[in-house]
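Inspection log for the structure reproduced underneath, given as structure tokens.
The values are calculated or read from the model by the stated rules, or taken from the named source; none is laboratory data. Since this is a predicted model, take the numbers as computed values, not measurements. Here Cβ is always computed from backbone atoms with ideal geometry, including for glycine, and neighbour counts include all displayed protein chains. These accessible areas exclude ligands, DNA and RNA; they are computed on the full protein's heavy atoms, side chains included. Shrake-Rupley method; radii C 1.70, N 1.55, O 1.52, S 1.80 Å.
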Amino acid sequence: MKAEYRNVLSQTAQSLLVFVFEDKEFPAAWHFHPQFELTYIKSSSGMRYIGDSIYNFSPGDLVLVGTNLPHCWKTVGEQKTPVQAVISQFSEELLGYNWLEKTEFQNIRKMLQLSSRGIKFSEITAAEQEDTLLELPHLPPFEKLLSLLNILNSLSKEKDYFLLASPDFIPNITKEDSNRISIIQAYVKNNVQSRITIKEVAALLRLTEVSFCRYFKKIHNKPFITFLNEFRIALACKLLIETDLTVNEIGYECGFNSISLLHRLFKRFMRQTPVEYRNSYHSISVHISKTV
């Protein structure tokens, strides 16, 4: 995934850009830009890469990405419906110079500071904001600006959120790094069911195993094996939510060579068993349908 620099507002006189993205999949490479970005997923599912974090996403995913934080969404597996997302991008000068220092915007300022790690809001919060977010791209410019401010103000008061990238992630990535990351990510995605070794991934980059391990940890702030396990667990979460496959079948689909390994890693990363995760997600879905 190529971390490309994009100044998304450089060619427009607007203070923000809001649009509906629709396609068969997300084509955007791993990229970053000097604007904040609020993304709401209406349909589609797959993997979300924010900084050094990797999690599955599904409809209702609402994430705020800070300035210059590398990010992308990637569809995984067969999609029952096309991708549809509402994306809002705005600069620190949304209301002019120094507007975030005003008392009225102190909650928004604190939230935007936290977004340097990426903020994932709860499913309930996303459901409460869904109608407003879906209406946003169709509003006249002035009403659009006011609506976005209201959305940001509401989100800034929420207590139920999750920070995505690790605290010590440093978004300092060169073009060569971006190309290498693209190769690694694609290989893992396409070979997740197989036994993936450091030797074969290092060979893709024409590095020795030792050099590859040192390089990967420098870029991702974690060993490659940890990243691989995170990808497989994120994929397992996606399948637990979207399918009726048994835990054993999901373990096979995600490349785990034993069910005990799946359970052990799932408990380590998700703090619950696969069955508990599936049940808790279904409980949240029922709660949302009753309250929204």
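Here Asn98 meets each of (1) in contact with a helix residue (DSSP H, G or I) (Cβ under 8 Å, 6 or more places away or on another chain); (2) at positive phi with one exception, condition (1). Checked against (1) over 21 Å from Pro171 (Cα atoms); (2) outside any loop (DSSP other than H, G, I, E, B), Phe227 passes all but a single condition, namely (1). Remark: pairs (first residue in region 233-246, more than 17 Å from Pro59 (Cα to Cα); second residue in a helix (DSSP H, G or I) and open to solvent by less than 40 Å² (accessible area, probe 1.4 Å); Cβ separation under 7 Å; 6+ apart in sequence or on different chains) = Ile233/Leu265; Ile233/Phe266; Leu245/Leu239.
Within region 43-83, take every residue that is assigned to a strand (DSSP E or B) and in contact with a helix residue (DSSP H, G or I) (Cβ under 7 Å, 6 or more places away or on another chain) and give me the one that is most open to solvent (accessible area, probe 1.4 Å). The residue in question is Tyr55. Can we say Phe26 is at pLDDT 90 or above and over 18 Å from Ala126 (Cα atoms)? No: the conditions fail for Phe26. Pairs meeting the criteria (first residue in region 153-179 and more than 18 Å from Ser116 (Cα to Cα), second residue in a loop (DSSP other than H, G, I, E, B) and open to solvent by less than 100 Å² (accessible area, probe 1.4 Å), beta carbons under 8 Å, at least 6 apart or on different chains) are Lys175/Lys2; Asp177/Ala3; Ser178/Met1; Ser178/Lys2; Ser178/Ala3; Ser178/Ala29; Ser178/Trp30; Asn179/Lys2. In region 259-280, the residues that are free of Cβ contacts under 8 Å to residues at least 40 places away in the same chain reach residues that are open to solvent by 70 Å² or more (accessible area, probe 1.4 Å) with C-beta atoms within less than 6 angstrom, at least six apart or across chains, in these pairs: Ile259/Asn248.
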